[in-house]
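Here's the structure, in structure tokens; my notes come after.
Since every read-out is calculated from the coordinates, none of them should be taken as a lab result. Since we're looking at a predicted model, the values are computed, not measured. Reconstructed Cβ throughout: ideal geometry from the backbone, glycine too, with neighbour counts over all protein chains shown.
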Amino acid sequence: MNHDRDLRTLRIKARTSREKMAQQIGIPYERYRKLEVGLRHPTPEEIRLINRAFNERVERMRVELEQLEKRLAGSQDE
């Protein structure tokens, strides 16, 4: 059934996304999953790791946005 396949695909994508985030932060997937669903509180070190990963992600997005704005401005000049 399509609905079941779509749900399975979404679950796989969600897990992949969580695994990627855990890897970026630098903590094991299971610990990250428990933090995400509120089964445990983060340690001070995990808080620092999460904040660092978040700030790096925000910085990458800011740089990408600036590049897109420059490209858009360049295409409007033509």
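Order by neighbour count: 61, 21, fewest other Cβ atoms within 10 Å first, most last.
61, 21
Which ³J(HN,Hα) values in Hz, rounded to whole numbers, follow from the phi angles of the stretch 66-75 under the Karplus curve 6.51 cos²θ - 1.76 cosθ + 1.60, where θ = phi - 60° and Gly and Pro get x?
After applying 6.51 cos²θ - 1.76 cosθ + 1.60, I find 4, 5, 5, 5, 5, 4, 5, 4, x, 6 Hz.
At q = 0.21, 0.22, 0.24, 0.27 Å⁻¹, what log₁₀ I(q)/I(0) does a Debye calculation on the Cα points of the chain give, no solvent, two decimals?
Cα-only, vacuum Debye calculation for the chain: -0.93, -0.97, -1.05, -1.18.
Rounded to the nearest 500, what is the chain's calculated 222 nm mean residue ellipticity when only DSSP H runs of at least 4 contribute -39500 (n - 2.57) each, over all residues?
Computed ellipticity for the chain at 222 nm equals -30000 deg cm²/dmol.
Run the simple label-point estimate for residue 15 and residue 63 please: 7 Å along Cα→C-beta, distance reported in nm.
Once both label points are built, they end up 3.2 nm from each other.
Using θ = phi - 60° and the Karplus curve 6.51 cos²θ - 1.76 cosθ + 1.60, what whole-Hz ³J(HN,Hα) does each residue of the stretch 45-55 get, with Gly and Pro shown as x?
5, 5, 4, 4, 5, 5, 4, 4, 4, 5, 5
Calculate, for residue 52 and residue 75, the FRET efficiency according to 1/(1 + (r/R0)^6) with r their C-beta to C-beta distance and R0 35 Å; round to the nearest 0.05.
Efficiency computed from Cβ-Cβ geometry: 0.50.
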